Amino acid sequence: MEVQQNAFYMEKICNVKCNGKGLKVMVFMEETDELFYMNLPDSKRNDTYMEQIKDFIRQYSKMKEDNHSLYSMASSNYYACKTVIILDKNILNESLNKMFGRLLPLPV
């Protein structure tokens, strides 16, 4: 049962998409802030960025923002961990442009 829950968590919860584009996900163990899972590109895997994310989750905030991304933090109902979902603003801008492009006619 526990293996099934772990597989479900990783497969469903950590496979987050926005308009078909995968979002970055990090899972930290709640007591130790130890990284359990991440799907970040190598360019983001540095100590400074990791500490920034850990600071976000220590602030008990559900949403944070920097120049490039929106961060959503939540505790798990099943595990002693916190999940951080990272939405790059360029993905958000692309989605908004598509949505507004369909709503507003282009000038001729």
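Yes or no: Lys54 assigned to a strand (DSSP E or B), charged (D, E, K, R) and modelled with pLDDT of 85 or more?
Details: assigned to a strand (DSSP E or B): no; charged (D, E, K, R): yes; modelled with pLDDT of 85 or more: yes.
Taking the combined requirement at face value, the residue does not satisfy it.
Return the residue satisfying two criteria in turn: it lies in segment 14-30 and is assigned to a loop (DSSP other than H, G, I, E, B) and in contact with a strand residue (DSSP E or B) (Cβ under 9 Å, 6 or more places away or on another chain), and of such residues it is nearest to Asp47 (Cα to Cα).
Our first condition is that a residue be assigned to a loop (DSSP other than H, G, I, E, B); within segment 14-30, this holds for 14-16, 19-20, 23, 30.
Right, trim to in contact with a strand residue (DSSP E or B) (Cβ under 9 Å, 6 or more places away or on another chain) and you get 14-16, 23, 30.
Values: Cys14: 22, Asn15: 24, Val16: 24, Leu23: 20, Glu30: 19 Å.
Looking at residues that are assigned to a loop (DSSP other than H, G, I, E, B) and in contact with a strand residue (DSSP E or B) (Cβ under 9 Å, 6 or more places away or on another chain), I get Glu30.
Yes or no: segment 67-86 includes at least one residue that is farther than 24 Å from Glu11 by Cα and modelled with pLDDT of 90 or more. Before you say what the answer is, go through the steps one by one.
From segment 67-86, those farther than 24 Å from Glu11 by Cα are 67-68; that's our starting set.
Of the ones still in play, those that are also modelled with pLDDT of 90 or more are 67-68.
There is at least one residue in segment 67-86 that is farther than 24 Å from Glu11 by Cα and modelled with pLDDT of 90 or more.
Restricting to segment 21-51, name every residue that is touching a residue at least 12 places away in the same chain (Cβ under 8 Å), loosely packed, with under 14 Cβ neighbours inside 10 Å and among the basic types (Lys, Arg).
Lys21
What tally of residues in segment 57-101 results from selecting those that are among the charged types (D, E, K, R), in contact (Cβ under 8 Å) with a residue 60 or more places away in the chain and not in a helix (DSSP H, G or I)?
As a first pass, look at segment 57-101 and keep what is among the charged types (D, E, K, R): 58, 62, 64-66, 82, 88-89, 94, 98.
Keeping just the survivors that are in contact (Cβ under 8 Å) with a residue 60 or more places away in the chain gives 88, 94, 98.
Now drop any that are not not in a helix (DSSP H, G or I), which leaves 88.
Here the count works out to 1.
The values are calculated or read from the model by the stated rules, or taken from the named source; none is laboratory data. None of these values were measured; they are calculated from a predicted model. Don't worry about glycine lacking a Cβ; one is built from the backbone with ideal geometry, like all the others, and counts go over all protein chains shown.
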